[in-house]
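The block underneath contains the structure these notes are about, expressed in structure tokens.
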Amino acid sequence: MPSLEHPVILDVRGLGMNFGGLRALDNVDIDVREKEIVALIGPNGAGKTTFFNCITGLYEPTDGEVIISPPGRKSEKINGLKPNIVTAKGLSRTFQNIRLFQNMTVLENVMIGRHCRTSSGIVGAILKGPATRSEEKAIVRDSYAILEKIGLDESVNEFAKNLPYGEQRRLEIARALATEPFLLLLDEPAAGMNPQETLELDDLIRRIRDEESISILLIEHDMKLVMSLSDRIFVVDYGRKIAQGAPGEIKNNPAVIKAYLGEDVDA
């Protein structure tokens with residue numbers, strides 16, 4: 001577990017989001033440290049995905065600040081930036097509903113993720129000069145290397161739609177990794193997975209953190225996975241943060257048990 005001496009790489013302060021008269025998020029503070037796995041949990045409708053959408057540029061927060069401090073770079077506020085700019089700055093995400101390019105190959109899906117790290121513009125893509133061809137070769141090579149790490153290299157030429165469900169989930173993670181993030185945001189990565197796939201996901205997320213030095217922020221309903229993986233857990237209910245702490249603290253927090261965990265905390 002990262003110590004408190006590890007620097008904060010994501011600092012969300014007083015985040016609020018209004019949709020008309022609805023207050024979907026209300027003064028939410030969350031931080032993630034370098035080389036840390038953090039979970040954001042809460043009942044359905046608590047505001048978890050809205051939170052992800054606010055920090056990745058899909059929504060512009062009504063109030064509050066989203067500050068990133070990538071390793072080796074200056075801190076900056078990213079409120080209001082477009083999603084592609086946020087991705088280029090090092091935040092990459094997956095979605096609750098799989099959003100692969102189903103009629104493209106596994107390799108092509110990952111190559112698309114490399115787009116934000118390429119330098120060839122439209123002219124280069126059309127003219128196919130030596131620099132562009134060299135860059136395209138590097139994209140293929142780097143994308144294949146990611147698939148090897150994820151364990152999908154044997155399916156490199158398969159269409160995404162032909163993969164088993166659990167492998168489609170892993171392909172989404174591979175595509176997110178292709179953007180070279182310092183923080184990976186996973187929105188219910190275990191949704192729909194069987195117990196064996198969930199165990200493999202647990203191992204994969206740990207390896208991403210340990211081998212790639214990428215921090216993880218995940219939304220997840222599978223409490224076994226959350227309690228096993230997380231260094232710290234934040235809990236939201238009705239758009240407000242009601243608790244934060246280590247898994248053991250959260251597991252025994254009366255407010256959390258009342259709001260969400262109930263008997264499932266020991267599952």
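Bear in mind that the values in this text are calculations on the coordinates, not laboratory data. Quick caveat, the model's predicted, so the values are computed rather than measured. Using ideal geometry, Cβ is built from the backbone for each residue, glycine included, and neighbour counts are taken over all protein chains shown.
Modelled spin labels at residue 203 and residue 149, positioned 7 Å past Cα toward Cβ, are 1.7 nm from each other. Each of residue 158 and residue 238 was given a label point 7 Å from its Cα along the Cα-to-Cβ line. The distance between the two points is 4.6 nm. Exposure proxy shown here: for 173, 9, 257, the number of other Cβ atoms within 10 Å sets the order, fewest to most, as 257, 173, 9. Which angle from 0 to 90°, rounded to the nearest 10, does the C-alpha axis of helix 195-212 make with the longest principal axis of the chain? For 195-212 against the chain, the angle is about 70 degrees. Tell me the angle of helix 130-150 to the major Cα principal axis of the chain, expressed in degrees between 0 and 90 and rounded to the nearest ten. Taking Cα atoms only, the helix is inclined about 40 degrees.
Taking the longest Cα principal axis of the chain as reference, the axis of helix 165-177 is set at about 80 degrees. Can you give the FRET efficiency to the nearest 0.05 for residue 140 and residue 97, using r as the Cβ-Cβ distance and R₀ = 25 Å? Efficiency at R0 = 25 Å is approximately 0.35.
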